[in-house]
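Worksheet: the structure to be examined is printed underneath.
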């Protein structure tokens, strides 16, 4: 506002120090990067949020809240090259809402009591620091201390219009659904959460999944991870284990779909000598081997009814004991054994539907799903795809270089990254990985292009209902709308004929057409052969 002093208040965060590190001597730079543990290089940070804002917007006074060492603050002030007041904050946990609120409220309260506060415009910078810090600025700046909000990105800055009133629009709804809203506020990018460093991306959907998983990690309750095939359910289970108090104990994974019923029970619970052919000695199962740690039951939805009943018994809480204390009995044994195992299960099945059709026990579902975490598909986190693709390709390059000393590392050009973003990846991260492996093996050039990925996708079919459709076709590079629309039309006609078992009148009704004659004319025009009930679906 014209004529008013502009007072900027902000936290300082990892990105700011990572940017500064690029200008520091090697010893200091390595010390900073080792401490913050974020980003692969100082150069990737650009100028950082604070310097970007001060380079692009004028302020009369700048105050920076910092929970970093005083020596770091002095180095940063010198590197910043302009007047700024640092306020040391003894904050141990940068995601502790209560502590962050107390320090921020104290600082803004003191500023509000200044004699010139009526002539001062308060400005709050949302970009530096943790999501929890930004959330507290929003709460205070929209309630107690009205403020203008600023954000920065890619060396640009702007005023952010927050189009709601917390006291009228948001807080009442938050009180009705507190867990969902505060979960969103608490979620962080995986790189900021200990144990989740191998999870790549910063999209909203992956942040929310990491936020739920981070909270679940500190407790020993059962967790059920849901998601399509290839979304990284085992990687998430490992991250939950590493982020919790059991990190120094065993993590054991069992694929319930890959083992026969008899062997699965033995793998889980163990057996005594002579229980079945080949059982030449007593043997403990996975529950005993993972005692003190975590047992991951992958594809738990594939367990048969008898195994489900035995799992239910093991997961039954023991009165007066912790949530992970279990009683198990080896096959052929007549005595129980007590173990302390946290159970994380995962499935790509629709368990509520399986419960309705009787193929999965409802009581077991509620034993497993004390906390549920739904992992997003790649098509629901498109902004993460380039980062994931580059991380996967770097791993592939490392592996190939170990096996082949003369191997020439591959990289993705802009067209390949664009293709990766636009393709739907029905097989998710697993399909993306396989596509990159195939492209790296078959491409002659060290630069992988759109054509290399498109050819590899064509050589990596996805079996089942998630196979690519014409809607997955990327735009550009020979794309023709008329042919594209004809493919969609042809696909819908074929689907309707298949679902109607070749009965044209029924297929016409499924498509909303007036009569089967209309359908027949379209089948003839698009050269689609009639499908009878004995023909395979396409």
Does at least one position in segment 83-98 carry a residue that is surrounded by fewer than 20 Cβ atoms within 10 Å (Cβ to Cβ), assigned to a helix (DSSP H, G or I) and in contact with a strand residue (DSSP E or B) (Cβ under 8 Å, 6 or more places away or on another chain)? no
Residue 69 in contact with a helix residue (DSSP H, G or I) (Cβ under 7 Å, 6 or more places away or on another chain), without any contact (Cβ under 8 Å) to a residue 24 or more places away in the chain, more than 12 Å from residue 10 (Cβ to Cβ) and loosely packed, with under 15 Cβ neighbours inside 10 Å: no
Would you check if residue 246 is surrounded by 19 or more Cβ atoms within 10 Å (Cβ to Cβ), outside any loop (DSSP other than H, G, I, E, B) and touching a strand residue (DSSP E or B) at 6+ places or on another chain (Cβ under 8 Å)? no
Return yes when residue 287 is surrounded by 14 or more Cβ atoms within 10 Å (Cβ to Cβ), in the same structural domain as residue 348 (by TED's automatic domain parsing) and either closer than 19 Å to residue 347 by Cβ or within 29 Å of the chain's Cα centre (by Cα) (or both) and no when it is not. yes
Single unsatisfied condition, residue 214 versus (1) within 20 Å of residue 100 (Cβ to Cβ); (2) modelled with pLDDT under 85; (3) not assigned by TED's automatic domain parsing to the domain that holds residue 34: (2)
Residue 251 vs. criteria touching a residue at least 12 places away in the same chain (Cβ under 8 Å), in contact with a helix residue (DSSP H, G or I) (Cβ under 8 Å, 6 or more places away or on another chain) and surrounded by fewer than 24 Cβ atoms within 10 Å (Cβ to Cβ): yes
Scan segment 311-343 for residues that are assigned to a strand (DSSP E or B), out of contact with any helix residue (DSSP H, G or I) (no Cβ under 9 Å at 6 or more places or on another chain) and either without any contact (Cβ under 8 Å) to a residue 40 or more places away in the chain or not assigned by TED's automatic domain parsing to the domain that holds residue 245 (or both) and jot them down. 325, 338
Tally time: how many residues in segment 497-518 are under 42 Å from the mean Cα position of the chain (by Cα) and at pLDDT below 80? 4
Let me spell it out: the conditions are (1) assigned to a loop (DSSP other than H, G, I, E, B); (2) modelled with pLDDT of 75 or more; (3) crowded, with 16+ Cβ neighbours inside 10 Å, and residue 198 meets all of them except one. Which number is the exception? (3)
If a residue must be surrounded by fewer than 19 Cβ atoms within 10 Å (Cβ to Cβ) and within 21 Å of residue 321 (Cβ to Cβ), how many such residues does segment 221-242 contain? 1
If residue 24 satisfies all but one of (1) surrounded by fewer than 20 Cβ atoms within 10 Å (Cβ to Cβ); (2) in a helix (DSSP H, G or I); (3) at pLDDT 75 or above, what's the number of the condition it fails? (2)
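The values are calculated or read from the model by the stated rules, or taken from the named source; none is laboratory data. Computed from a predicted structure; not experimentally measured. Note: ideal-geometry Cβ built from the backbone for every residue, glycine included; neighbour counts use all protein chains shown.
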